[in-house]
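First comes the structure, then the notes that go with it.
The values are calculated or read from the model by the stated rules, or taken from the named source; none is laboratory data. Owing to the predicted nature of the structure, the values given are computational and were not obtained by experimental measurement. Note that we place each Cβ from the backbone using ideal geometry, even for glycine, and neighbour counts take in every protein chain shown. Calculation scope for accessible area: heavy atoms of the full protein, side chains included, ligands and nucleic acids excluded. Shrake-Rupley method; radii C 1.70, N 1.55, O 1.52, S 1.80 Å.
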Amino acid sequence: MNERIKELAEQADIVFGFDKNNDPEVICAVIDIEKFAELIVQECADYIREIYDHQDAESLAWSMEIKFGLHGDYA
């Protein structure tokens, strides 16, 4: 599992277990799947802003956040 995805999942209170190969796996104990989704969208928007430092990137990141409801007043 991607380490950053694991960190975001932990922030959303997803409980992890380990499979028979001692690899982490989700064990169906999702406390707040909406928060997990929001964290992923925010991570993507922040990445766009970080990599592409110009006005078009900000517009794209903002639009993505709106599309997924991170700016409730605009959704």
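Of the residues making up the stretch 1-52, those that are touching a helix residue (DSSP H, G or I) at 6+ places or on another chain (Cβ under 7 Å), assigned to a helix (DSSP H, G or I), modelled with pLDDT under 85 and open to solvent by less than 50 Å² (accessible area, probe 1.4 Å) are Leu8, Ala9, Phe36.
Filtering the stretch 59-75 to residues that are over 25 Å from Ile14 (Cβ atoms) and open to solvent by 70 Å² or more (accessible area, probe 1.4 Å) leaves Leu60, Trp62, Asp73, Tyr74.
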